[in-house]
Amino acid sequence: MSGSRAVPLVAVAHGSRDPRAAATVEELLDLVRRSSGVRVVTSYLDHAPPAPGQALGGLVGEGADEAVVLPLLLTAAYHSKTDIPGALREARAAHPRLALHYGATLGPHPLMTGALERRLAEVGVRPDPETAVVLAAAGSSDPAANATIGRMARDWGGWRAVVPAYASAARPTPPEAVRALYAAGARRVVVASYFLAPGFFADKVRDESLAAGAVAVSPALGAAPELAEIAAQRYREALIRADLVAAAG
């Protein structure tokens, strides 16, 4: 299967009314295309076309009988656990001959720390035992998703401290985390933005964190080469799993 022919990749991003988000997603997927040689089709859950089902229908119209669907999301939560699987059920019903293989979310992944440090370096911040970091994520109603951010923070070494924070649905918020780190004795606090693309949450975290005293806030991860490599790995992993299932069956 994966060794006999190229299988197209349908990337599913969250979608945003902010045009910067779609532009950033396309920059990232261009990296994936150039580095892997894979046919990559973009789709969005909301705010922008095409929807995943439309993208898959377009591939079927071109003669494809197989596709990898990759959630372009940083944490496994409601969208990756419910929304996208629901869209795939509809696509399978509409195109029963289309073999679909579902990849894992981009995060967590060991390469993610490198991407976060890359973006911090762009605002003049490098790992330093005197600097504390707030790892700022969107936040989720799914406790497991928030716990993932907590584990990432605990595992990220080289700093005075790294603490998780959430722009919505959970506490602490990024400005609360910034103030708590200063209260605990940190001399310098920075915020690492764990967002795929610029938009409402990334802007909110930047503005509120700077107002709370953060000395720097990194930009969204965007088209980091680490993320492109993670996406390519998730694609390969999905095909390997499909091959193992086919061999076992």
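The values are calculated or read from the model by the stated rules, or taken from the named source; none is laboratory data. The structure presented is a predicted model; accordingly, all values stated were derived computationally and were not measured. Positions of Cβ are backbone-derived with ideal geometry, glycine not excepted, and every protein chain shown enters the neighbour counts. Remember, those area values only see protein heavy atoms, side chains included, never the ligands or the DNA or RNA. Shrake-Rupley method; radii C 1.70, N 1.55, O 1.52, S 1.80 Å.
Taken across region 228-242, residues that are crowded, with 19+ Cβ neighbours inside 10 Å, assigned to a helix (DSSP H, G or I) and at pLDDT below 95 do occur, with at least one present.
Scanning region 73-129 for residues that are over 20 Å from P143 (Cα atoms), touching an Asp or Glu at 6+ places or on another chain (Cβ under 9 Å) and β-branched (V, I, T) yields T113, V125.
For region 46-69, how many residues meet the condition of being in contact (Cβ under 8 Å) with a residue 40 or more places away in the chain and either open to solvent by less than 20 Å² (accessible area, probe 1.4 Å) or not in a helix (DSSP H, G or I) (or both)?
9
When region 70-79 is examined, which residues are found to be under 13 Å from the mean Cα position of the chain (by Cα) and either hydroxyl-bearing (S, T, Y) or open to solvent by less than 50 Å² (accessible area, probe 1.4 Å) (or both)?
Within region 70-79, the subset under 13 Å from the mean Cα position of the chain (by Cα) is 70-77, 79.
Of everything in region 70-79, those that are under 13 Å from the mean Cα position of the chain (by Cα) and either hydroxyl-bearing (S, T, Y) or open to solvent by less than 50 Å² (accessible area, probe 1.4 Å) (or both) turn out to be L70, P71, L72, L73, L74, T75, A76, A77.
Out of everything in region 114-139 that is outside any strand (DSSP E or B) and small (G, A, S), what residue ends up being most open to solvent (accessible area, probe 1.4 Å)? Reasoning before the result, please.
First, pick out the residues of region 114-139 that are outside any strand (DSSP E or B): 114-130, 138-139.
Filter once more, keeping what is small (G, A, S): 114-115, 121, 124, 138-139.
Details: G114: 31, A115: 0, A121: 31, G124: 56, A138: 35, G139: 26 Å².
Out of the qualifying residues, it is G124.
Residues in region 89-112 that are of a type outside the set (S, T, Y), within 25 Å of the chain's Cα centre (by Cα), assigned to a loop (DSSP other than H, G, I, E, B) and surrounded by 16 or more Cβ atoms within 10 Å (Cβ to Cβ): G103, A104, L106, G107, P108, H109, L111.
Looking only at region 201-221, count every residue that is assigned to a loop (DSSP other than H, G, I, E, B) and surrounded by fewer than 21 Cβ atoms within 10 Å (Cβ to Cβ) and tell me the total.
4
Just checking, which of E130, E208, E226 is of a type in the set (D, E, K, R) and closer than 16 Å to L74 by Cβ? Walk me through how you get there before you give the answer.
Working: E130 fails: closer than 16 Å to L74 by Cβ; E208 fails: closer than 16 Å to L74 by Cβ.
E226 is the lone residue from the list that is of a type in the set (D, E, K, R) and closer than 16 Å to L74 by Cβ.
For region 17-37, what are the residues that are at pLDDT below 95 and of a type outside the set (K, R)? Those that are at pLDDT below 95 and of a type outside the set (K, R): S35, S36, G37.
For region 10-31, name all the residues that are within 14 Å of the chain's Cα centre (by Cα) and either aliphatic (A, V, I, L, M) or open to solvent by less than 30 Å² (accessible area, probe 1.4 Å) (or both). Within region 10-31, A11, V12, A13, G15, A21, A22, T24, V25, L28, L29 meet the criteria.
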